[in-house]
Amino acid sequence: MKSVTKKRRRRWRESDSKQRPDPAGLGPASALCRSLPNPTPACEISAMTRADIERMDEIFFPNLASAMKKASAGGFRLAYYTTAETAMRILANQEVWLRNTAVMNDYMEVQHGMRCLHEAWQKSDGAKRVKSLLEELHAGAVARLESTYNSWHTKIQSDTFIACVSEHQASENDHGRLSMWRAYGGKAGVAFVFKPDFLSQETNAIGAYSHPVSYLDGSNFAVGLNALADRMEQAKPFLKNRTGDEMHNIAFSLLLWSAIATKHPGFAEEREWRVVAVPSMWKSEIMRQTVEVVRGIPQPVLKLPLRNFPAHNIWSLAIPELLDRIVIGPCDNPRILARAFSELLSQAGVKDVAEKITSSGIPLRHLV
């Protein structure tokens, strides 16, 4: 399990204030089930109420619950930093690519989380307490949990695809973030600033799910497990009323996201959220997998269309609804880029494009 910021899979979600149904019967209940590749019938008909689900979030994923509330209150937007060339392709094709973690800039994207999880789960006092509580609630729970996780261990390592965005504060609207331009912008960078509305409704149709990243090492994991055990102790009367399947699925989600959404503390300034897909675990009705060349390396990618899918009740994924603004990064010809992206945005159906494009004033010099 993961540290205090342990997380449950929160789906890549889209919403529309006028056409969205009441979410009370949506995602979280099924999220507990769909954490597993093959939900059991008992889990599918779980009688958990919205209040029950929110209580489970508070116990097992307090940081995720807090981040979701902050996003809903307008506390941040989400920025996708990339090169101008990639940004042009995103607008022209109206799609974002999810890439395999093995070829990301942090070459230990998933391995780091798995290693920290293994160390803390095997050795820490907090893990012993959590295991004891799980067994007290349902005999055999730990063996079942570890068997499920171990059976997916290799696939999680090799079959995880992600797209990364960064929490964007209002203070960054004019210039963006220098460290992100340096890391991802190249000689001419662009940041798409997205509205966080897509976090507010859940769907299984896309087969990709979003989650904030935790920046932890092994010792942080151990501290987090102790905090989790404290919350489980306090909530024991409530947890005793949960079925074995419900507890199994929430615990598996905890292990899964501990591995997938943890990075080395050295990356903390990125304030990253991940959109994650594991095709062997979560089937998509919308994304397609192709082989593309990225920086000279042929590799499989998952293509997420940036458009609405009314048949799946997806209404806020199209670029005109999704995009808040574009920030042109430090470069030699910001006016030319702004003119080009003004045309691309218009072609994508975005209105009032002049109000949505700003050029960073950071005096960053590109030496190469």
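The values are calculated or read from the model by the stated rules, or taken from the named source; none is laboratory data. Nothing here was measured: the structure is a model prediction, and the numbers come from that model. So basically every Cβ, Gly included, is an ideal-geometry build from the backbone, and we count neighbours across all protein chains shown.
For residue 346, state whether it is over 25 Å from residue 169 (Cβ atoms) and out of contact with any strand residue (DSSP E or B) (no Cβ under 9 Å at 6 or more places or on another chain). Criteria met by residue 346.
Restricting attention to the stretch 280-321 and to residues that are modelled with pLDDT of 95 or more, under 17 Å from the mean Cα position of the chain (by Cα) and not in a strand (DSSP E or B), the residue that is surrounded by the fewest Cβ atoms within 10 Å (Cβ to Cβ) turns out to be 306. For the stretch 149-174, the tally of residues that are over 22 Å from the mean Cα position of the chain (by Cα) and either in a strand (DSSP E or B) or crowded, with 18+ Cβ neighbours inside 10 Å (or both) stands at 0. For the stretch 90-111, a residue qualifies if it is in a helix (DSSP H, G or I) and either buried (at least 19 other Cβ atoms within 10 Å of the Cβ) or touching a Phe, Trp or Tyr at 6+ places or on another chain (Cβ under 9 Å) (or both), and the qualifying residues are 90, 91, 101, 109, 110.
A residue that is surrounded by fewer than 19 Cβ atoms within 10 Å (Cβ to Cβ), in contact (Cβ under 8 Å) with a residue 24 or more places away in the chain and either out of contact with any strand residue (DSSP E or B) (no Cβ under 9 Å at 6 or more places or on another chain) or under 27 Å from residue 231 (Cα atoms) (or both) cannot be found anywhere in the stretch 75-84. Taking the criterion of being out of contact with any His (no Cβ under 8 Å at 6 or more places or on another chain), of a type outside the set (A, V, I, L, M) and in a helix (DSSP H, G or I), the residues of the stretch 135-148 that qualify are 135, 136, 146, 147.
Only one entry of 280, 316 meets the criterion of being within 18 Å of residue 199 (Cβ to Cβ) and among the hydroxyl-bearing types (Ser, Thr, Tyr), and that entry is 316.
Among the residues of the stretch 181-199, none qualifies, meaning not one is closer than 26 Å to residue 50 by Cβ, aromatic (Phe, Trp, Tyr) and outside any helix (DSSP H, G or I). Entry remark, the stretch 329-342: residues being surrounded by 12 or more Cβ atoms within 10 Å (Cβ to Cβ) and acidic (Asp, Glu) number 0 in total.
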